[in-house]
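The values are calculated or read from the model by the stated rules, or taken from the named source; none is laboratory data. Note that the structure is predicted; figures quoted are calculated from it, not measured. Cβ coordinates were reconstructed from backbone atoms using ideal geometry, including for glycine residues, and neighbour counts include every protein chain displayed. Just so you know, the surface numbers come from the protein's heavy atoms only, side chains and all, with ligands and any DNA or RNA stripped out. Shrake-Rupley method; radii C 1.70, N 1.55, O 1.52, S 1.80 Å.
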Protein chains: 2
Amino acid sequence: MDEDGLLALIVPRLPRGRDTVLGPGDDAAIVAAPDGRVVVSTDVLVEGRHFRRRWSSGADVGYRAAMQNLADVAAMGARPTALVVALTCPADVAPEWLADLADGMAQACGEVGVVGGDLSTGTELSVAVTVLGDLAGRPPVLRSGAQVGDVVAHAGVRGRSAAGHALLDAGLDGFDELVAAYRRPVAPLGAGIAASRAGATAMLDVSDGLLRDALRIARASGVVLDLDPPTAAFADDLAVLAPAAEALAADAETWVLAGGEDHGLLATFPPHTELPAPFRAVGRVVAGEPGVRVAGAAPRGPLGWDHFAGRD
Amino acid sequence: MDEDGLLALIVPRLPRGRDTVLGPGDDAAIVAAPDGRVVVSTDVLVEGRHFRRRWSSGADVGYRAAMQNLADVAAMGARPTALVVALTCPADVAPEWLADLADGMAQACGEVGVVGGDLSTGTELSVAVTVLGDLAGRPPVLRSGAQVGDVVAHAGVRGRSAAGHALLDAGLDGFDELVAAYRRPVAPLGAGIAASRAGATAMLDVSDGLLRDALRIARASGVVLDLDPPTAAFADDLAVLAPAAEALAADAETWVLAGGEDHGLLATFPPHTELPAPFRAVGRVVAGEPGVRVAGAAPRGPLGWDHFAGRD
């Protein structure tokens, strides 16, 4: 199938989007940017590094590629407005797989349009997504604003994607919810705006593991993030993870603290803030050499996932 | 070198940009969008399809990747405001090559910032660039607005990139200007805004060849683009190309009509418009079954380059 044929298959499946002024088909698309500033982020998923076709359908990959980008906008306290996609595609990828990818993107996007893209042949399958977003007049929530005394809070699930990955890697059936969490992570997108409105001082998307990403806030803000013990802060996640951890002889606390790709939001709020749902307090900001602690101590074990080195 | 090391090498080389509100380092960047709408386009360059490292330096690839995206914004009649870059990088690519890539992007970008990116390992080297732009209150110039009676005009060079590619392919030295035009095409970026101000009815970036891209305007507008004979419309390009064409026993007219990647702008203007420099009249819009003609006849030979199939 040639480029025109593939586009005719894919483009009708992509969501138009409520902020789309001009969709695909010209040299560029046009997206509403009512704030007068536009939030922009890009992420690439590469086969063998970030996904495997035998573990994830085209729709799963499309869903995940879209969601991790949407989460980056949410983590600024903004609302996603559009995606564009650059797809590099080996000859062995069936057109149906690409149609499925578009369907998965549409499922993750909801009212966010996929407004443009580029298709290239290549030897390696990769999906590079760029997301735009609107701040609606609010200041962005950066990583650098955490203050000593702030509450550390988290929205979303923890450790599920890592557990799902481990289950697929082991070929172990019977934990569909965890495998689904790996294939199609659901970021709490609306929580980003809610956090901004509630006065969050710092925020990020937890893509590389709680400890590794908490360290990014700590370093950017010049503070220490002291997290509660997982048994207190993430008791419900640990309960969900326990059967799979037992089946794999794995450590559920490591999944919670170091597992990547759940795309929860980690934020800090001034003390006594009424945390917007679904944020829960998971620690506090204290003074000291910038770093991360768990229950006051240096964390043991792996910090998290090196996104550059990848994990499929 | 790990991701942090690479970022420390690359990020300082990237231009900050006059429209950048927040640069790299957080979950997303923020770019000014004073128009209240943002223009967005994405393009990916894949090694072996769109470039070869033995033909192009890292800076050449970075320059070209940036320029072809900037040209897409210009072709809407807009001003580029920012780029983001998703880079997939095999282990055999030296950090210095990536630093060189960043330098080349900076050279193409001028005051346009490179505000964010993503790095992944992979087996295939690819550079996916997304560009943003601002319309400053003007309507976009689409492909679909050409009217019967309009003048067809072109800004920029023709056939130079195709000639440079053919020279590199043949290993023929002595035509540095043409090889440079392949390695570092210079799109007439300011001409896009000038065309919009002058009332251009349709416009696009000529990336896949004059005939192929003229056909896109013709089909989108439901008209015929009747181009003047190349000997009249592109006499200066033919003069520049003649020695290389002779050395390669190639056809300079085919380079002019079907060669891709020069990134000139093709536009249509109402009759009697005073064409803004450097646009020159190269044909007229006539009624008929949508298509392209050269001197009133169906073109012979190849239409142009299939961007999807690629050419390195």
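Observations
- Residue count, segment A:177-207 (criterion: closer than 27 Å to A:Trp55 by Cβ, open to solvent by 30 Å² or more (accessible area, probe 1.4 Å) and in a helix (DSSP H, G or I)): 4
- Residue in segment B:113-127 that is farther than 19 Å from B:Ser41 by Cα and among the β-branched types (Val, Ile, Thr) present: yes
- Members of segment A:244-280 that are of a type in the set (Val, Ile, Thr) and under 13 Å from A:Ala194 (Cα atoms): A:Thr268, A:Thr273
- Count - residues of segment B:237-268 that are under 16 Å from the mean Cα position of the chain (by Cα), within 17 Å of B:Arg280 (Cβ to Cβ) and not small (Gly, Ala, Ser): 6
- Residues considered: B:Asp169, B:Asp205. Of these, the only one that is among the acidic types (Asp, Glu), closer than 23 Å to B:Gly104 by Cα and either touching a Cys at 6+ places or on another chain (Cβ under 9 Å) or free of Cβ contacts under 8 Å to residues at least 40 places away in the same chain (or both) is B:Asp169.
- Filter result for B:Ala82 (open to solvent by less than 10 Å² (accessible area, probe 1.4 Å), more than 9 Å from chain A (Cβ to nearest Cβ) and either part of a helix (DSSP H, G or I) or closer than 30 Å to B:Thr268 by Cα (or both)): no
- Checked across segment A:264-280, the condition of being farther than 22 Å from A:Val141 by Cα and not in a strand (DSSP E or B) holds for no residue.
- Boolean, B:Gly117 is in contact (Cβ under 8 Å) with a residue 40 or more places away in the chain and of a type outside the set (S, T, N, Q): yes
- The numbered conditions (1) under 23 Å from A:Gly192 (Cα atoms); (2) touching a helix residue (DSSP H, G or I) at 6+ places or on another chain (Cβ under 9 Å); (3) among the aliphatic types (A, V, I, L, M); (4) open to solvent by less than 10 Å² (accessible area, probe 1.4 Å) are all true for A:Ile217 except (2).
- Of the criteria (1) open to solvent by 10 Å² or more (accessible area, probe 1.4 Å); (2) away from chain B (no Cβ under 11 Å); (3) more than 17 Å from the chain's Cα centre (by Cα), which one A:Gly58 fails: (1)
- Of the strands (runs of 3 or more DSSP E) lying entirely inside segment A:88-172, those containing at least 3 residues that are among the aliphatic types (A, V, I, L, M) and either facing another protein chain (nearest Cβ under 8 Å) or open to solvent by 10 Å² or more (accessible area, probe 1.4 Å) (or both) span A:126-134.
- Whichever residue in segment B:4-44 is within 17 Å of B:Leu101 (Cβ to Cβ) and facing another protein chain (nearest Cβ under 8 Å) and, among such residues, is surrounded by the fewest Cβ atoms within 10 Å (Cβ to Cβ): B:Leu6
- Sole residue being in contact (Cβ under 8 Å) with a residue 60 or more places away in the chain, open to solvent by less than 50 Å² (accessible area, probe 1.4 Å) and not assigned by TED's automatic domain parsing to the domain that holds B:Asp60, chosen from B:Pro270, B:Pro243, B:Pro290, B:Pro229: B:Pro270
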